[in-house]
1. When we measure straight from the Cα of K151, which lysines land under 16 angstrom away, once same-chain ones fewer than 8 places off are left out?
2. May I ask you to list the lysines whose Cα is less than 20 Å away from that of K41, ignoring any residue fewer than eight positions away on the same chain?
3. Could you identify which residue out of D114, D124, D100 has the top mean-square fluctuation in a GNM of the chain using Cα springs shorter than 10 Å?
4. Assuming 0.36 nm per residue, please report the length gained on full extension of the stretch A171 to T48 beyond their Cα-Cα distance.
5. Can you give me the angle between helix 2-20 and the longest principal axis of the chain, using Cα atoms only, in degrees from 0 to 90, rounded to the nearest 10?
6. Would you work out the relative contact order for the chain, in percent, from Cα pairs under 8 angstrom that are 6 or more residues apart?
7. Express in nm, to one decimal, how much length is gained between N85 and F64 on full extension, taking 0.36 nm for each residue of separation and deducting their alpha carbon distance.
8. Only counting other Cβ atoms within 10 Å, I'd like I106, I20 sorted with the fewest neighbours first.
Amino acid sequence: MKELLSHLRGAIVATLVLVIACCVVYPLVVYAVAQVTFPHKANGSLITAQDGTVQGSELLGQNFTETKYFHPRPSAAGNGYDAANSSGSNLGPTSQKLNDALKERIAAYRSENDLKETDTVPADAVTSSGSGLDPHISLRNAELQTPRIAKARNLNVDKVRELIQQNTDSASLGFLGEPGVNVMKLNLALDSL
């Protein structure tokens, strides 16, 4: 009995030490290091307006549907851009539902951007990302939307292109992936003109 109590006491002490180390000390250290080394990213990369109100995050896509805004990638996350339901559509290349949705999206994209039936449409304009929350579109997608934005806002096309360049993120580490245009930052830059 004495040996059993000794083992039980050792197990309880080891459990308490691990709980304190893993559930209290480690998270506090990680939080403190993140707040000191990169606080903007650690706090969600939030974009705030001049008056201090949060406009959104650099890391999460948001739905813009008005003609005067650049439109993001479609989202399969919950009810559209719902971070609590981040996911892809889980539809494969043989899915009729996916093929029908793509045909509708391609037709809508061509229509809203005054493209010809023969003009190619960038894949990111009609397909959602794996998370459904991707905040970026391709440079080609942005370029095809530029005339619509310039017309809707009564701006020079070159001014809109300049804003696209200012809100384009380069490839990760300079060589991973393609440059992408952050739709949230670009639309806020348009609004600030």
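1. K68, K159
2. Reachable lysines: K185.
3. Looking only at D114, D124, D100, the biggest GNM fluctuation is shown by D100.
4. Values: separation 123, 0.36 × 123 = 44.28 nm, distance 2.47 nm.
Length gained between A171 and T48: 41.8 nm.
5. Roughly 30 degrees between the two axes.
6. On the way: 232 pairs, mean separation 37.6, N = 193.
Across the chain, relative contact order equals 19 percent.
7. Working: separation 21, 0.36 × 21 = 7.56 nm, distance 1.88 nm.
So the extension gain works out to 5.7 nm.
8. Numbers: I106 17, I20 11.
The most exposed by this proxy come first: I20, I106.
Every number in this text was worked out from the coordinates using simple rules, so none of it is lab data. Just so it is clear, the model here is predicted, and its values are computed rather than measured. Reconstructed Cβ throughout: ideal geometry from the backbone, glycine too, with neighbour counts over all protein chains shown.
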